[in-house]
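This report refers to the structure that appears directly beneath it.
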Amino acid sequence: MAERTQPIRALPGAIAAGFVLAVVLGAFAVVVSGADAERGLGPADLAALRFTLLQAALSAGLSVALAIPVARALSRRRFRGRTLLIAFLGAPFLLPVIVAILGMLAVFGRNGWISLVLVQLGLPPIQIYGLHGVVLAHVFFNLPLAVRLILQAWQAIPAERFRLAAQLGCGSRDIWFLLEWPALRRAIPGALAVVFAICLTSFAVALTLGGGPKATTLELAIYQAFRFDFDLGRAALLGCIQVGVAGLAGLVAMATLSDVGFGGGLDRSMDRWDGAGGLAKAGDALAVCLTVAFLFLPLVAIVLAGLPGLDTLPATVWRAAGVSLLVAFASTCILLALALPMAATIAGARRGWLETVGLMGLATSPLVIGTGLFLVINPVADPFLLALPVTAVVNAIMALPFALRIFVPAARDVLQVYGRLALSLELTGRTFWRVVLLRRLRPQIGFAAGLTAALSMGDLGVIAMFADPERATLPLQVYRLMGAYRMESAQAAALLLLMLAFGLFWLCDRGGRSGDSV
Amino acid sequence: MKSALTFAACISLAGAALADTPELTVYTYDSFVSDWGPGPAVEKAFEETCGCDLKLVGAGDGAALLARLKLEGERTRADVVLGLDTNLTAAAAETGLFSTHSVTAEYDLPVAWEDPVFVPYDWGYFAFVHNADLQAPTSLKALAESELKIVIQDPRSSTPGLGLLMWVKTAYGDEAPAIWAGLADNIVTVTKGWSEAYGLFLEGEADMVLSYTTSPAYHLIAEEDTSKAAASFDEGHYMQIEVAGKVAGTDQQELADQFLQFIVTDAFQSIIPTTNWMYPAVTPAGGLPDGFETLIQPGKALLVPAGEAQAIRDAALDEWLSALSQ
């Protein structure tokens, strides 16, 4: 089948993708052109590449594998606090790395809660440092995201299909094979690719929880090349490998992605007649409870650590919070302007190759992109003046792959279901966007906007390269407080950051879903 | 109405003043410019005397600072760079971006200072910090043989991490790999930067953390907390001397010289101890703040000459990597 005729044009999406590609590749080109001598890859770099791939693959696999039972339980059970739980699933993802590490260690560390209990029982404390610690931390960050992405696939199955299945006497097993597995096949490859790409650029988490230089990732090698050896060529080369691997993962994911849709439904609230057995109920309850414990204990630790200092936060922290909110708002606007046209273009095409562009942005080393943009801006303008716009753009690009993962399946369904009708009514272009697409995508827009706003709040990103005192963001201020020994204030500022990021996420996400039962 | 007029007058006056006031841009590391660092007080003190606008710009940490300067090259907006240390000064001088200074001062450094390009402003010793109730080892070797758990920073991404690398190397030379092999089972983990490591230590993840001999002074003076101490090691302690230098291509030559001279005066030096938590390069007339007398005094100061730092660093890093990657 050739390209179908669509009610929307592909051009705006292609332009948006071109912009993203230009920023990412442009940054690389500039960094490479600024390099003089070039040293090839040594055995240490290959070891770093191996470790990076291993931990990213394990983290992605485990996050997604664990997300499936959790998403299934959430999709077929209704219980008190479920909506709040789903909203809270964004929280770990939004934390600045250093705060998340301290939260995780408060629970899983040598002196953490679990170890304390174990020691009381006469058992040795947990040994968290090592490859398993790295993977555990990455699962902590990414499991919630994977759950949300996969849950979305379930929610794309019209309620009528479950009703029909129940009428036909299908059990849990039949429903799994007939409805749920085909739906998952639309979500799993993309979720794997996104988590994999995130973990590729891991540095502080991998090093700290990995227990030493054995856990050297590519991002650390880039850091070393840049600030230890000042070898820009090597930094760019290593950065290219990161982006290349992510691009490859994206292509594989897109190639295995199924684009089977389920047709339209009447947007009834979903009722499920399967899974009524005791075993199924117990299994679902276990999946949800374990996830809650795993994700929430570290968050509780962060909240407890932050509360004492909250009422004595210095004024600069509040100012930084304001700056961060501004950046988050700008990032979200930029993101929507990029992601929506791209998603529509991808959904209109048979294969979503364009989505790979988004993944490449995510896997770009913040150090390389920051350096590149700095080199571009420096000759023409004061980089400090542009610190905030640059941060907003980079944060939007980093959030793009998530947004695409959220938009594309839904947009594909809309085009499949309403595309021909819209064409026959000559409902095309802007009118189609306004009347059909944006309305149908409202929950996804809310979710993606919330995620971007929150991510942008929590991201240290490139601001560290451009920051001056007046333009510090909240995460930067958290680091500064820690660097000045002010651990209590830092933890309080981190709590403020968590609350603001979560508040933004909740507002957008709720806004998108209002009137819906999700 | 009156206040509105005053306001308007102020604005126009400020505008006029701004147009005439020369501006001195100083690149420094991030924690220097933060509200809790020396930055705000230094800015105020210098602006009182210079009739200029001092603009402090934070750019990561010391090593990132040099990288930043190299990125900008001759086009840099910096007039002065403050915050490099002796591990970086040779590489910094090599760029040709700095010019010589004319500052003379009676430095209170444990080593003689004769660098023609850079002016030292503070210094400190690296040390392992622990809870005061711990029976701390008295040498690196004893630490390596003990069962104590430590957190250190990665020398590739952190200044203290690099300091420990040089410490072990200068103290033990060819035996350094053996010391690292002995330390391997003491090291809980290696972090990206100082903040992560210190945070882990405060959370109780390790018995000791690599920091400075002056760290307990922060807890004592700012928090009235006497529970932290630094361990004194028989091999001596590696030093960090932090320096400032004038950018050769600056269009504010005189002002930059004035600032470098200001650095070694009491006005600047008296700010350092309780904001940067380091020893001032020239002890101010009022002496050190109360509490500093409680800090350990290493018997021997270790420091690699700036010119040899890079070669030693690269060899020591390879040893470190192979000892800890087993």
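The values are calculated or read from the model by the stated rules, or taken from the named source; none is laboratory data. Quantities reported herein were computed from a predicted structural model and do not represent experimental measurements. Cβ: placed from backbone, ideal geometry, glycine included. Neighbour counts: every protein chain shown.
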Look at region B:18-52 and say how many of its residues are over 27 Å from B:S195 (Cβ atoms) and within 14 Å of another protein chain (Cβ to nearest Cβ). 1
Members of region B:56-81 found to be facing another protein chain (nearest Cβ under 7 Å) and in a loop (DSSP other than H, G, I, E, B), listed by number: B:G60
Does A:I101 meet the test of being crowded, with 24+ Cβ neighbours inside 10 Å, assigned to a loop (DSSP other than H, G, I, E, B), among the β-branched types (V, I, T) and at pLDDT 85 or above? no
Note: among A:L220, A:L200, just one is more than 14 Å from chain B (Cβ to nearest Cβ) and in contact (Cβ under 8 Å) with a residue 24 or more places away in the chain, namely A:L200
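Hey, which of the helices (runs of 4 or more DSSP H) in region B:121-235, taking only ones fully inside, have at least 1 residues that are closer than 26 Å to B:L82 by Cβ and within 11 Å of another protein chain (Cβ to nearest Cβ)?
Hits in region B:121-235: B:159-172, B:194-202, B:215-223.
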Pairs, first free of Cβ contacts under 8 Å to residues at least 12 places away in the same chain in region A:240-257, second of a type in the set (G, A, S), C-beta under 9 Å, six or more apart: A:G244/A:A363
Among (1) at pLDDT 85 or above; (2) in contact with a strand residue (DSSP E or B) (Cβ under 8 Å, 6 or more places away or on another chain), B:E48 falls short only on (2)
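Could you list, in sequence order, all residues of region A:469-497 that are among the charged types (D, E, K, R) and facing chain B (nearest Cβ under 8 Å)?
If the condition is that a residue be among the charged types (D, E, K, R) and facing chain B (nearest Cβ under 8 Å), then A:R480, A:R486 are the ones that fit.
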Tell me, please, whether a residue that is buried (at least 20 other Cβ atoms within 10 Å of the Cβ), under 21 Å from the mean Cα position of the chain (by Cα), small (G, A, S) and not assigned by TED's automatic domain parsing to the domain that holds B:D108 can be found in region B:215-225. yes
Please state which of the following conditions A:V64 fails to meet, knowing it meets all the rest: (1) modelled with pLDDT under 80; (2) part of a helix (DSSP H, G or I). (1)
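Those residues that are part of a loop (DSSP other than H, G, I, E, B) and free of Cβ contacts under 8 Å to residues at least 12 places away in the same chain, I need them from region A:482-516; list them, please.
Going residue by residue through region A:482-516, those that are part of a loop (DSSP other than H, G, I, E, B) are A:484-486, A:514-516.
Across region A:482-516, the qualifying residues are A:A484, A:Y485, A:R486, A:S514, A:G515.
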